[in-house]
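Novice: Next up is a structure, given as structure tokens.
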Amino acid sequence: MKATTRHIVALFLSTLIFFQGCSVYKSANVTLEEAVRAETKGRIIKKNGKKIKFLKVVFEDGQYKSIEKLGGGTVKTQIEVDKIEKVQFKDKVLSIILPIGIYIILIGVGSKLSPGVLVSI
């Protein structure tokens with residue numbers, strides 16, 4: 001079976017979506033003070049289980065605030081310190097390596113299932 005242009009476009013688009021949607025976070029819990037100093041992406045896990053992804057944490061007017069991406073811009077949200085269970089940083093290296101590894105495995109499995117499709121690409 002020969003690969004068509006549709007197959008190639010579908011593979012390319014699915015790859016883009018897959019790489020953009022994968023984030024890995026370090027397991028270590030950090031303090032809000034460390035998050036302010038680090039100025040890096042991460043997430044806050046609240047005691048109720050809700051997860052908030054942030055671009056960075058700032059300390060203004062005696063309060064911690066998270067800068068989050070919303071639509072095309074950013075928004076500052078006050079962090080309720082007493083409701084936080086964990087603060088984690090994004091692991092940049094694993095967030096790049098893990099999706100590539102999974103993608104390579106999926107291509108290998110896919111080529112075993114239908115060898116003619118990926119060979120002709």
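The values are calculated or read from the model by the stated rules, or taken from the named source; none is laboratory data. Note that the structure is predicted; figures quoted are calculated from it, not measured. Counting neighbours? That spans all protein chains shown, and the Cβs are built from the backbone with ideal geometry, glycine included.
Novice: Kindly list, by first and then second residue, each pair from a residue in the range 64-82 that is in the same structural domain as LYS53 (by TED's automatic domain parsing) to a residue that is surrounded by 13 or more Cβ atoms within 10 Å (Cβ to Cβ) and of a type in the set (Gly, Ala, Ser), limited to pairs with Cβ atoms under 6 Å and residues at least 6 apart or on different chains.
Specialist: THR77/SER66; ILE79/SER66
Novice: Determine if the range 2-23 includes at least one residue that is on the phi > 0 side of the Ramachandran plot and either free of Cβ contacts under 8 Å to residues at least 24 places away in the same chain or part of a loop (DSSP other than H, G, I, E, B) (or both).
Specialist: no
Novice: Identify, please: which residue in the range 65-87 is farther than 24 Å from VAL24 by Cβ and in a strand (DSSP E or B) and is, among those, farthest from the chain's Cα centre (by Cα)?
Specialist: By that ranking, first place goes to GLN78.
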